[in-house]
Structure formats: C-alpha cells, structure tokens
Amino acid sequence: MAGEAWECEDTIALINGGERRESNLKPWLKGHQKEKTARDVAEKSRVYRKRSAHLGVKRPRTITRWRKFNGDVVYASRER
C-alpha cells in the first residue's frame, strides 16, 4: 500500500555469499525484512554446521564428572 515503510535489503545476504551491488538490492516492507533476515541467519548456521562436519571440526567436550580410582563419581561443580 502507499505510504508503508520499506527498506532496501540484499536479495542474497552478504553472510551467504551475496555481493554489495545495486543488482542485489530489493525493496522489502519492514515486517517482511525481519523475517527474511531470520531466514538468512538460519541458512548461514546450517551451511556453517555442514561445512564444519565435512571438515571434521568437532565441538570441544566439557567434562562434567570424573571417576576416582575407587569408583566414586566426582562432579565438576561440586562433589556429591
């Protein structure tokens, strides 16, 4: 509708390999622009996760408990 607020948004987001060019810009209504940004961030996260898995990058493990030599379990935050 006439008079609605809009912004220029990248058709292909910069974080997903888009270029900073006029041909990549498109007018978006303010409410729809937020939804598109959320989809772009989700796509970037999915691509990063797949690329990391392909390269063999693993998240560091956090040790939350240990076993003593006598078999007792010791927790990292406190002993139980």
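For the range 41-60, the candidate set comprises residues that are of a type outside the set (A, V, I, L, M, F, W, C) and over 9 Å from the mean Cα position of the chain (by Cα); within that set, the residue that is surrounded by the most Cβ atoms within 10 Å (Cβ to Cβ) is 52.
Can you give me the number of residues within the range 27-40 that are surrounded by 13 or more Cβ atoms within 10 Å (Cβ to Cβ) and at pLDDT 90 or above? Count: 1.
A Cβ distance below 9 Å, combined with a sequence gap of six or more or placement on separate chains, defines the contacts here; from the range 10-29, residues that are in contact (Cβ under 8 Å) with a residue 24 or more places away in the chain reach residues that are part of a loop (DSSP other than H, G, I, E, B) in the pairs 29/4; 29/5.
The values are calculated or read from the model by the stated rules, or taken from the named source; none is laboratory data. Everything numeric here is computed off the predicted structure, so don't read it as measured data. Cβ atoms come from the backbone with ideal geometry, glycine included; neighbour counts cover every protein chain shown.
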